[in-house]
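Input: a single structure, listed below in structure tokens.
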Amino acid sequence: MNTRNYIILKYLKEAGDYVTSENLSAICNVSTKTILKDIQLLNEEMKASNNFIEVKPSHGIRININDIEEYVNLSNSYRPFKDNVLLSVTEREDWIEKYLIETNDWVKLERLCELVYVSPSVLSQSLKSVRKSLKQYDLTLEQKSHYGMKIEGREFNKRLCLSSIYISYIDQRENFPGYQFNGEELEIIQKISDILNDVLMMFKISMSEVAVQNFIIDIFALAPSVVFGNINQGIILNATEKMIIDVSRWTDSIVAVELAKRIDKEFNIEMGDQEIVSLSIHLASKRIIKNIDESVHRIIRNFDVNKIVDSMFEAIYEQWHIDFYQDNELRKSLLLHLIPLEVRSRYNVVLQNPLIDKIKQQNILAYHLATTACKQLVDYHGNHLSDEEIGYVALHIELALYRKQIKEKKNILVMCGIGRGTSSTLAYKIKEIYWNYINEIKTVDYIGLKKYDFTGVDLLISSIPIKYSLPIPMIEVNYFLNDNDKKRILTFFDNQEDFHMESYIENNLILNNIEVNTKEEAIEFIIKNTINNNELMNDILKSDQISNYELENKIAILASNSSNQNPKVIIGILTKPILWNKKKVQLIVMPLIGNEKNYNIFDLFKELSYLAQNSVYIKRIIKKQSEEEIIKIFNEIEEILN
């Protein structure tokens, strides 16, 4: 139950609002009755503090935290990671990587089994994932008979891997750096933080809070004589001579030298060229670029950022038929974002994204578009971006999608013959009724109309007739807006059919009780038994290898373009959950987008996002496994969203 208590406390805190007992039961894989019993016991534990968990009928469950320190202490007391009884498969794999890197010697399989409390067969599965993770840093897991296993590779890459593991367990929003460090290490981290903040202010360098926290841990991992006493002191970072020469030309190397001097003064650690190169790389990969100048060109060298952005836009248009070519705001933000991203990609530097799970679940379309766009970066270094990096690109695209949807709304001009006051009243009425169709509404009087600049105006609504021609459409209405007036206005606004998910769902595209063991088997079975398109199947399999489409609540959403198909949604329901990448999945949704440009795609993904966040809907689909229930659920979602 300790592990479950930790999950309950963590989930309620992150939600920040009421959640259902069904949500918690789905996450913990226990009944709602058990969840409510756990909450009762947790409230007993919290009696001494001002914290409590509220259970409110018709609202749900919410935690009220008035004493954050008491909350952290209680939460950490339930956390199993510190005792090697690991909370999840992912934590077990991370712990193994961390242990093998820090040990820096041969470790026998039997010893690892004892440490993580698993059988050899379970450990063997974990080691497959460990090898895959190490490959991102050009590290290998070597195994020898009678010796055991050991991680081999450049020390620089080991430190990168280690930093990534440390960073992944930091709560980026508060309580930095978290539970994983002892008192002495926390003191060192605080000193590093003070030094870094002083140097960044001295050189007027901008960095996000997440990037600063990441950099602090990178420096912590770079100081072996202080922190990593069990890593061989004689091992150096082995940066090549060419790397040292290239990086020394960067403006960031001046900052890195100052940083090294202060670390030397504080900790009596002499940092040579190798460590200064590492500091320079981390700095260049995390700073916020505000404009592209000569110092930036020294870093990116032959990396043609404009060409990359063009190819990203082209890839999105070819696959999704969404045109970003004229969106200069998106172009500028991507240009500046790609510069530090290129450095991270070149040197395998990790920048943690604490919002990645929410981005993937709440901004499904933007994440899919970002995945398509980021494929264009692979050719430069041969490195696929992590889903966390794709998530950062998705945030820029999400804002662009929002702008695109706003542009589809109309700008309205209102005129009433009685006077300015009545024009404002009529405008208010129109905005109240048609707010979801209107971007901007303005008023004008009869005299002002003759010299009005109609640029950007889509419609004039007037309570009096206009005797002369206008460059825009006009609708004449009664001041009190009768039913006929409302119908004519709505006809203008509603120039496309209302979106209904039911139109995209067909009974022959819903597969029930699928018995498979892997995601590859699931994708192959679903495609072959619905549209039977091998090319599409291979595209989806390849895309899932690049990105990671598994979400919370046992659902995976894999969207793709099918040029020979009308837009439709394929749904596959498994008999039991399977491990997708790192999460279990039982419901698979595949939206297929046709070639025809249709802004209904925004509504489609908006509804899928709402579904993905609601475990109750997902459990209903898995339980009923019928077209009627699926359509009923989407109709309920449409009522809520509209």
Kindly establish whether Ala522 is in contact with a His (Cβ under 7 Å, 6 or more places away or on another chain), in contact (Cβ under 8 Å) with a residue 24 or more places away in the chain and not charged (D, E, K, R). no
Can Val226 be described as at pLDDT below 80, surrounded by 17 or more Cβ atoms within 10 Å (Cβ to Cβ) and over 34 Å from the mean Cα position of the chain (by Cα)? yes
Could you look through segment 554-591, keep only residues that are part of a loop (DSSP other than H, G, I, E, B), out of contact with any Phe, Trp or Tyr (no Cβ under 8 Å at 6 or more places or on another chain) and open to solvent by 30 Å² or more (accessible area, probe 1.4 Å), and pick out the one that is nearest to Asn513 (Cα to Cα)? Lys554
Of everything in segment 138-168 that's of a type in the set (Phe, Trp, Tyr) and at pLDDT below 80, which residue is nearest to Tyr347 (Cα to Cα)? Phe156
If you go through Leu551, Leu536, the only one that is open to solvent by less than 40 Å² (accessible area, probe 1.4 Å), hydrophobic (A, V, I, L, M, F, W, C) and within 23 Å of the chain's Cα centre (by Cα) is Leu551
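Residues Ser543, Ser503: which one is open to solvent by less than 20 Å² (accessible area, probe 1.4 Å), within 27 Å of Asp603 (Cα to Cα) and under 32 Å from the mean Cα position of the chain (by Cα)?
Step by step, each of Ser543, Ser503 is checked, and only Ser543 is open to solvent by less than 20 Å² (accessible area, probe 1.4 Å), within 27 Å of Asp603 (Cα to Cα) and under 32 Å from the mean Cα position of the chain (by Cα).
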Kindly provide the set of residues from segment 610-626 that are part of a helix (DSSP H, G or I) and buried (at least 16 other Cβ atoms within 10 Å of the Cβ), ordered by number. Tyr610, Leu611, Ala612, Ser615, Tyr617, Ile618, Lys619, Arg620, Ile621, Ile622
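Kindly establish whether Phe454 is surrounded by 10 or more Cβ atoms within 10 Å (Cβ to Cβ), aromatic (Phe, Trp, Tyr) and within 30 Å of Leu604 (Cα to Cα).
Here the answer is no, as Phe454 does not meet what is asked.
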State whether the residues of segment 476-495 include one that is closer than 30 Å to Ile640 by Cβ, open to solvent by 90 Å² or more (accessible area, probe 1.4 Å) and of a type in the set (Lys, Arg). yes
Restricting to segment 483-505, name every residue that is modelled with pLDDT of 90 or more and not in a helix (DSSP H, G or I). Ile505
Residues of segment 16-57 being free of Cβ contacts under 8 Å to residues at least 12 places away in the same chain and closer than 16 Å to Glu552 by Cα, which ones? Ser25, Asn29
Residues of segment 99-108 being touching a Leu at 6+ places or on another chain (Cβ under 9 Å) and open to solvent by 50 Å² or more (accessible area, probe 1.4 Å), in sequence order, are Tyr99
Residue match in segment 175-190 (condition: more than 27 Å from Glu102 (Cα to Cα), in a helix (DSSP H, G or I) and at pLDDT 85 or above): no
Of the conditions (1) outside any helix (DSSP H, G or I); (2) modelled with pLDDT of 90 or more, Glu607 satisfies every one except a single condition; which number is it? (1)
Identify all residues within segment 109-159 that are open to solvent by 20 Å² or more (accessible area, probe 1.4 Å), part of a helix (DSSP H, G or I), over 27 Å from Asp387 (Cβ atoms) and of a type outside the set (D, E, K, R); write none if there are none. Leu109, Leu115, Pro120, Ser121
What do you reckon, is Leu579 of a type outside the set (D, E, K, R), farther than 26 Å from Val130 by Cβ and touching a residue at least 40 places away in the same chain (Cβ under 8 Å)? no
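The values are calculated or read from the model by the stated rules, or taken from the named source; none is laboratory data. Nothing here was measured: the structure is a model prediction, and the numbers come from that model. FYI the Cβ positions are ideal-geometry reconstructions off the backbone, even for glycines, and counts take in every protein chain you see. Accessible surface is based on the protein model in full, side chains and every heavy atom, while ligands, DNA and RNA are left aside. Shrake-Rupley method; radii C 1.70, N 1.55, O 1.52, S 1.80 Å.
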